[in-house]
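Below is one structure, written out as structure tokens; the observations come after it.
The values are calculated or read from the model by the stated rules, or taken from the named source; none is laboratory data. Being a predicted model, the structure only gives us computed values, none of them experimental. Using ideal geometry, Cβ is built from the backbone for each residue, glycine included, and neighbour counts are taken over all protein chains shown.
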Amino acid sequence: MLVDVAMAGLISLATGAMTEGYLLATISIHLLMVYLYLSIVALVMDVAEETSPYADLPEMSPEAASYAAWAELVH
């Protein structure tokens with residue numbers, strides 16, 4: 001739900017910025033809202049990373065991942 005609010009806010013600000021130049025080098029409430037929405041997105045991504053069931057697994061190298069995918073297709 002929080003991600004939806006942040007993404008909707010960023011999209012609405014970006015849509016408004018296409019027709020008006022209020023985000024071009026001006027420090028206004030609109031620019032501060034962009035920073036607020038980006039911090040909300042960063043918070044949600046951190047929480048999602050910490051609560052992921054795969055968070056404690058070691059990362060697989062691209063070569064090993066492609067080999068594992070190939071091995072699944074063959075067997």
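Some notes on this structure:
- The listed residue being modelled with pLDDT under 70, surrounded by 11 or more Cβ atoms within 10 Å (Cβ to Cβ) and either in a helix (DSSP H, G or I) or over 21 Å from the mean Cα position of the chain (by Cα) (or both), out of A8, A25, A48, A65: A65
- Candidates are the residues of segment 11-22 that are more than 20 Å from V44 (Cα to Cα) and surrounded by 12 or more Cβ atoms within 10 Å (Cβ to Cβ); the one that is modelled with the highest pLDDT is G16.
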